[in-house]
1. Keeping to pairs on different chains or 8 or more places apart, tell me how many lysine pairs in the range 13-57 have Cα atoms under 23 Å apart.
2. Under unit Cβ charges (Lys, Arg +1; Asp, Glu -1), what dipole magnitude, rounded to 20 debye, does the chain have relative to its Cα centre?
3. Using 7 Å Cα-to-Cβ label points, what is the Arg21/Lys108 separation (nm, one decimal)?
4. With a 1.4 Å probe and all protein chains left in place, how much of the accessible area of the chain comes from carbon and sulfur atoms, in whole percent?
5. Which lysines, on any chain, are close to Lys141 with Cα under 17 Å apart, when same-chain ones fewer than 8 places away are left out?
6. Restricting to bridges with both residues inside the chain, how much of the DSSP beta-bridge set is antiparallel, in percent to the nearest 5?
7. For each pair in Lys155/Lys203; Lys2/Lys232; Lys58/Lys80, compute the distance between the two Cα atoms and list the pairs where it is over 18 Å.
8. I need to check one value: relative contact order of the range 157-262, counting alpha carbon pairs closer than 8 Å and at least 6 residues apart, in percent.
Amino acid sequence: MKVNKDNLVFFQGRCFPENYRKYNEFPRAWKKEIRTVGKMGFKYIDLIYDKRDSLFEKLDKIIFFCKKTKIKINSVICDKFLNRRYAKSKKLFLKEIEFTINFLERKKIFSITLPFIEKNYLNYKDLIYILNKLYLIIKKKKIVIYFEYNHSFDKLKKDLRKFKNKILLCYDTGNALENKRNIYSDLIKLQNIIGHVHLKDKKKTYNGFKKIKFSNGEFKVNKFRQNLKYFKNTHCKFTLETYMGKNPYLNLKNNFELLNSE
């Protein structure tokens, strides 16, 4: 497998953000952004559903504009749920997720990405409980769920089988670096349960890890490419969730050209 324009995904808000210091926020310049990344060569986009609900307010217009520019919606990244109240109240979480799933399905969007990290982190027992409940919600629907989680991959490799590829892991390379995981071997060993990869780079500093320009930190692009020849999951997409810097457009363009190998 190769990473190229046929499986690279643009993360909404990473080209023309309102503030280059704030990540994962819905951009006001969403039309300009979609038009620009289409010209850049992207075929897919991940939409950002943040706590302001801006995405849902404009979703019909966004879907129309994506069709107009021939960019396909890969997934909706549900950062809205990066909040401790969802980890504390499983009932609330499931209620709001079910609403989100049904809403997106009516709009013919059939993939969402859920984070179980940071404030919304769950222990493994609670995670499996939630995934079981989610499977009951989606098993007769077209929608697929990707979820971010940074631990217990060996257990997940076994336990995700029962979900019949309806619930898959979203593997984040930046989080893996922080957890001192071997990204390159992980992608091979876990490829049967990985449905989505978030590509980012980080560098260790004296006070922890910080985001950094792609291929300038601990992520080795050439090693990543070499290992992908053993990665047979052709349905997997790779989202550039990369460092924005003071010129997000230029960084994105450079990252796309770096990874768009023919």
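1. On the way: Lys22/Lys31; Lys22/Lys32; Lys22/Lys51; Lys31/Lys39; Lys31/Lys43; Lys31/Lys51; Lys32/Lys43; Lys32/Lys51.
For the range 13-57, qualifying lysine pairs total 8.
2. Values: 61 positive and 26 negative charges, 80 e Å.
The calculation lands at about 380 debye.
3. For the pair Arg21/Lys108, the computed spacing is 4.2 nm.
4. Numbers: 6260 of 13340 Å².
C and S fraction of accessible area: 47 percent.
5. The reachable lysines, counting only those whose Cα sits under 17 Å from Lys141, are Lys95, Lys107, Lys108, Lys133, Lys162, Lys164, Lys166.
6. Values: 4 of 34 bridges.
For the chain, the DSSP antiparallel bridge percentage is about 10.
7. Working: Lys155/Lys203 28 Å; Lys2/Lys232 10 Å; Lys58/Lys80 16 Å.
Long pairs (Cα-Cα over 18 Å): Lys155/Lys203.
8. Values: 136 pairs, mean separation 27.0, N = 106.
The normalised contact order for the range 157-262 reaches 25 percent.
The values are calculated or read from the model by the stated rules, or taken from the named source; none is laboratory data. Bear in mind the structure is a predicted one, so any value in this text is a computation, not a measurement. Glycine also receives a Cβ, built like all others from the backbone with ideal geometry; neighbour counts cover every protein chain displayed. Accessible surface is based on the protein model in full, side chains and every heavy atom, while ligands, DNA and RNA are left aside. Shrake-Rupley method; radii C 1.70, N 1.55, O 1.52, S 1.80 Å.
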